[in-house]
Amino acid sequence: MALADGGRLIARRAWLDRRRVRSWWALGMLAYAAMILAVWPSLEGSDSFADVAQDYPDAIKALFGGSEAFDAITTPAGFINTYIFSFMLPLLMMALASAAGASLLAGEDEDGRLQLLLAQPVARTAAVLAKAAVVIAEVVLVVAVVVVLIAVFGPLVDLDVGLGGLTAAGLGSALFGGLHGGIALLAGALTGRRSTAMGVAIVVGVGGYLLSSLAELASWLEPFRFVSPMYHAVAGDPVSNGVPVTNYVVLAVAVAAVIIAAVAVFRGHDLH
Amino acid sequence: MSDAAIVTRGLTKYYGEHPGAIDVDLDVRPGEVVGFLGPNGAGKSTTIKMLLDFIAPTSGTATVAGLDCRRDSVEVRQRVGFLSSDVGYYERLTASDLLQWLGGFRADDCGPAIEALAARLGLDLSRRVGDLSTGNRQKVGLIQAFMHEPDVFILDEPTAGLDPLLRREFEAMVREQADRGAAVFLSSHVIDEVERSCDRVVIIKDARVVAHENVADLTSRSMREITARLTGLPAAAAFEAIAGVSDVAVDGDTVHLRLSGSPDALLKKLARHEVVDLVVAPVDLDEAFLHYYRDTGAGDDGAR
């Protein structure tokens, strides 16, 4: 069907175009994860580090995913949760997806490439869906790379967490990233400006992160934490407890909603 | 007008308060080449963007091959070869890869057509688009518009950046397509090109269509800028008296003037002198408008 063919051509082009950027991201994440693994042996079972960690101010603990998680920092699951999944991987995937979503739609609008694309017989819907698919696939790939690294090399440094927990936590980061990629696409369809699109997505991401972290410290914020995507991505400690179904469904629905909104807005958007 | 390829009625676009195009009516029939003339900012690109569904009209209708430009936009674009110098390319691709990729959208094997056109226009397909000069980028655009043999051509400033030889080649390509039965709609702000390649012209100024002309009629009114260096010191008054001559300025031994219509009287006058040098240049459309359409628009061309 013509719709699918055009979409596939767009997706393939976008995927290939982002090869270089994606490789650097994957490498950077691998290096970070490898570094975390390398540090683990000296922290494992270290009472002195556990004491120091306990004494960290509550505010710091909150930013690292909460004091409960932080207190478990010398256990394998607690360690990997704190240093990778509680905020680092989600926020980095948010940054990657926001940049990708912003450049694939608003960026191409700004430099005239959308005109080239939409002069071809391809529907706007197909174009947005193709770009959204690329953003999500990119995030999933980078997360998978990190998960595989930890699953394969963790046991070598005596960090055995189990692939199930890692995958569950990785899925949360991927959903979180994908959501902000969708927000960047939506903001890009609304404004046609790459920097605005990226800015909006990042502000939402960081704002949500702060909301979810500080909700632990400020009781008046607690009811609002359900609005924070970060809360849904990391609450329930997926590394130890597996997939938190309700939270992930909320995220998945949110991802679908922003992408559908981006399609709808883009269909009425005047190109530059 | 069931056999019209491009039809617009009352096509209007406002950007907030600012008018981009107002009440534009167009008819382009198969086999016809229609030029869209206007100064920069007149509304040519705005109108063309509405035909391609890049922007939504504020009111009015536009159809291509009987299909609504907005509702049936994908089918319209299947039939249209489009070119604009506003377009951006994927700079890291070679011209060949880019063109093959674009060809894929219409599920055509455009390979042979691409190579033939590249040979005709003199483009090295193996070069990266980002490394190409303006003229060569324009060739990529032309190939992409012509390679799939569309029924309708919508070309926005198609010869921008092309040298005179290539402009002639382009004009030949356009004539071939029209002879084949395609409808060609092209915009320009150089009268000479439009005169050579078009059957009719639509003239737009300040967002409104101000004239529909047959090219023959336009030719009789087109202007030339003439500079003649003579021996001796010519008198301005003698030239001002010649029919069709305006804006006479004498600078030592050189006469500058503008001529519209037949050059016969002027040539006979010049022939009575010894002419050392003579330069005849077509006047840019912007200037021509100043002369002919001053009373139709919002005054002088200070505001664009």
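Per the listing B:ARG229, B:ARG168, B:ARG175, the residue uniquely farther than 28 Å from B:GLY66 by Cα and under 17 Å from the mean Cα position of the chain (by Cα) is B:ARG168.
Does the stretch B:210-218 contain any residue that is out of contact with any Lys or Arg (no Cβ under 7 Å at 6 or more places or on another chain), modelled with pLDDT of 90 or more, surrounded by 12 or more Cβ atoms within 10 Å (Cβ to Cβ) and in a strand (DSSP E or B)? Checked the stretch B:210-218: no residue is out of contact with any Lys or Arg (no Cβ under 7 Å at 6 or more places or on another chain), modelled with pLDDT of 90 or more, surrounded by 12 or more Cβ atoms within 10 Å (Cβ to Cβ) and in a strand (DSSP E or B). Reported count of residues in the stretch B:7-53, each being closer than 22 Å to B:GLU195 by Cβ, part of a helix (DSSP H, G or I) and of a type in the set (Val, Ile, Thr), is 2.
Just one residue in the set B:GLY16, B:GLY41 is modelled with pLDDT under 95 and within 14 Å of chain A (Cβ to nearest Cβ); that residue is B:GLY16. Any idea which residue in the stretch B:21-53 is surrounded by the most Cβ atoms within 10 Å (Cβ to Cβ), counting only those that are among the charged types (D, E, K, R) and farther than 23 Å from A:HIS272 by Cβ? Only one residue fits best here, namely B:GLU32.
For B:ALA56, work out the one condition from (1) part of a strand (DSSP E or B); (2) within 11 Å of another protein chain (Cβ to nearest Cβ); (3) surrounded by fewer than 20 Cβ atoms within 10 Å (Cβ to Cβ) it doesn't fulfil. Every listed condition holds for B:ALA56 apart from (1). Among the conditions (1) surrounded by 16 or more Cβ atoms within 10 Å (Cβ to Cβ); (2) more than 9 Å from chain A (Cβ to nearest Cβ); (3) touching a helix residue (DSSP H, G or I) at 6+ places or on another chain (Cβ under 8 Å), the only one that B:SER126 does not satisfy is (1). Scanning the stretch A:103-116 for residues that are more than 17 Å from A:VAL142 (Cβ to Cβ) and surrounded by 24 or more Cβ atoms within 10 Å (Cβ to Cβ) returns A:LEU105, A:ALA106, A:GLU108, A:ASP109, A:LEU114.
Report yes if some residue within the stretch B:108-119 is out of contact with any Leu (no Cβ under 8 Å at 6 or more places or on another chain), away from chain A (no Cβ under 13 Å) and either among the basic types (Lys, Arg) or surrounded by 16 or more Cβ atoms within 10 Å (Cβ to Cβ) (or both); otherwise report no. There is at least one residue in the stretch B:108-119 that is out of contact with any Leu (no Cβ under 8 Å at 6 or more places or on another chain), away from chain A (no Cβ under 13 Å) and either among the basic types (Lys, Arg) or surrounded by 16 or more Cβ atoms within 10 Å (Cβ to Cβ) (or both). Candidates in the stretch A:120-138 are the residues that are surrounded by 24 or more Cβ atoms within 10 Å (Cβ to Cβ) and among the charged types (D, E, K, R); of these, the one that is farthest from the other protein chains (Cβ to nearest Cβ) is A:GLU138. Checked against (1) within 22 Å of A:ARG8 (Cα to Cα); (2) buried (at least 20 other Cβ atoms within 10 Å of the Cβ); (3) of a type in the set (Gly, Ala, Ser); (4) away from every other protein chain (no Cβ under 14 Å), B:ALA62 passes all but condition (1). Filtered by the rule that a residue be away from chain B (no Cβ under 14 Å) and surrounded by 19 or more Cβ atoms within 10 Å (Cβ to Cβ), the stretch A:249-272 gives A:LEU251, A:VAL255, A:VAL258, A:ILE259, A:ALA262, A:VAL263.
From the list B:ARG92, B:ARG77, the one residue that fits, being within 10 Å of chain A (Cβ to nearest Cβ) and crowded, with 23+ Cβ neighbours inside 10 Å, is B:ARG77. Residues that are more than 14 Å from every other protein chain (Cβ to nearest Cβ) number at least 3 in the following helices (runs of 4 or more DSSP H) confined to the stretch A:1-102: A:19-43, A:47-55, A:58-63, A:67-71, A:76-80, A:88-101.
The values are calculated or read from the model by the stated rules, or taken from the named source; none is laboratory data. Model, not experiment: these values are computed from the prediction. All Cβ positions, glycine included, derive from the backbone under ideal geometry; neighbour counts span all protein chains shown.
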